[in-house]
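Participant: My questions all concern the structure below.
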Amino acid sequence: MSLTFGVVTFPGSNCDVDAWHAVIDVLGERAVSLWHADHDLQGADVVILPGGFSYGDALRAGAIARFSPIMREVIAHAERGAPVVGFCNGFQVLCEAHLLPGALMRNASSKFVCDWVHLRVDGTNAPIFLDAYAPGQLLRIPIAHGEGRFVADEATLDQLEGEGRVAFRYVDAAGHATDDANPNGAARNIAGITNAAGNVLGMMPHPERAVEPLLGSADGLPLFQSLLARVGA
């Protein structure tokens, strides 16, 4: 069964084309463009909130995008148990929309960081996103953000850990979650999380920019392949 991916574009999005490339050119599936003012998901099975600077990051990253008309449909889609994934700014929007807990704050360095990082696959409650990865697998994925420091209260962090909802964690090349491997000061080196139902994923790194060796890594492709296998079935 083929899938339709809906890629949302907000004013200021700049990674929607990368998501299109990953879905259409690499995965070989269908994508539809969803404008921020739309009220229709156009039959999308999976919704992608891409990276960028929605509404110029006015107030704070993702704060205005959360109230755009399309987000009413995205929230309803998620509440039905359908898959929603947010990369970078998309993660920020998901937290602002309360589809995911916590918040994304300024990097601890107060500087924009654009680099490659190592991630470890730690999540256990979201097979629709992680099935094509091995538990504990190490990935090489790019990041590009100024507000990527994930924060939450200790009780929430403990809950995320206990329920297997920390999907990805920043680690060094040997797989250790060290301070030096943490590019933004995120709590417990958290790079991505899922909701309790396992159908919403937010992550600061950009798997859509790592879907073929020509780009420097294909370690992001299994995330899309997991969706294809699980949701398509």
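Every number here is computed from the coordinates shown, using simple stated rules; none is lab data. What you are looking at is a predicted structure, and each value in this text was computed from that prediction instead of being measured. Please note: Cβ atoms are built from the backbone with ideal geometry, for glycine as well, and neighbour counts cover all protein chains shown.
Participant: Inverting the mean 1/r over all pairs of different Cα atoms, compute the Kirkwood radius of the range 98-231 and quote it in Å. Can you show the working numbers first?
Facilitator: Details: mean 1/r = 0.0680 Å⁻¹.
It is 14.7 Å.
Participant: Take the chain, connect every pair of alpha-carbon atoms lying under 10 Å apart with a spring to form a Gaussian network, then pick out the residue of 43, 220, 86 with the largest mean-square fluctuation.
Facilitator: Judging by the Gaussian network model, the answer is 43.
Participant: Please build a GNM for the chain, connecting alpha carbons under 10 Å apart, and tell me which residue among 217, 109, 68 fluctuates the most.
Facilitator: With Cα springs under 10 Å in the chain, the top fluctuation among 217, 109, 68 is at 109.
Participant: Could you derive backbone 3J(HN,Hα) for the range 38-47 from the dihedral phi with the Karplus parameters 6.51, -1.76 and 1.60 (θ = phi - 60°), listing whole Hz in sequence and x where the residue is Gly or Pro?
Facilitator: These are the phi-based 3J(HN,Hα) values: 6, 10, 9, 7, 6, x, 5, 7, 10, 10 Hz.
Participant: Next question. Within the range 4-232, what percent of beta bridges assigned by DSSP are antiparallel, to the nearest 5? If you can, show how the numbers build up before the last one.
Facilitator: Working: 23 of 39 bridges.
Among the beta bridges of the range 4-232, antiparallel pairing accounts for roughly 60 percent.
Participant: Once amide H atoms are placed 1.01 Å from N in the peptide plane, what residues at a sequence separation of 5 or more from residue 4, or on another chain, have their amide H within under 5 Å of its amide H?
Facilitator: Answer set, sorted by chain and number: 45, 46.
Participant: Students often get this wrong: which residues of the range 34-51 have the backbone nitrogen under 19 Å from the point 7 angstrom along Cα-to-C-beta of residue 4?
Facilitator: 34-50
Participant: Please report, in Å, the Rg and the Dmax of the range 160-233, where both are computed over Cα atoms only.
Facilitator: 13.6, 40
Participant: Name the long-range amide H neighbours of residue 171: under 5 Å, sequence gap of 5 or more, or other chain; modelled H, no Pro or chain starts.
Facilitator: Residues meeting the criterion, in which the H sits 1.01 Å from N, are 118, 119, 120.
Participant: Need one word for the range 35-110: rounded, prolate or oblate. Basis is the Cα gyration tensor (sqrt eigenvalues a ≥ b ≥ c); a/c below 1.5 gives rounded, then a/b vs b/c decides.
Facilitator: prolate
Participant: To continue, here is another question. For a quick check: with amide H placed at 1.01 Å from N, whose amide H comes under 5 Å from residue 35's, ignoring anything fewer than 5 positions away on the same chain?
Facilitator: 9
Participant: Relative contact order (percent) for the range 4-232, with alpha-carbon contacts under 8 angstrom and 6 or more residues of separation?
Facilitator: Normalised by residue count, the contact order of the range 4-232 is 20 percent.
Participant: Rounded, prolate or oblate: which one fits the range 187-227, using the alpha carbon gyration tensor with axes a ≥ b ≥ c (rounded when a/c is under 1.5, else prolate when a/b beats b/c, else oblate)?
Facilitator: oblate
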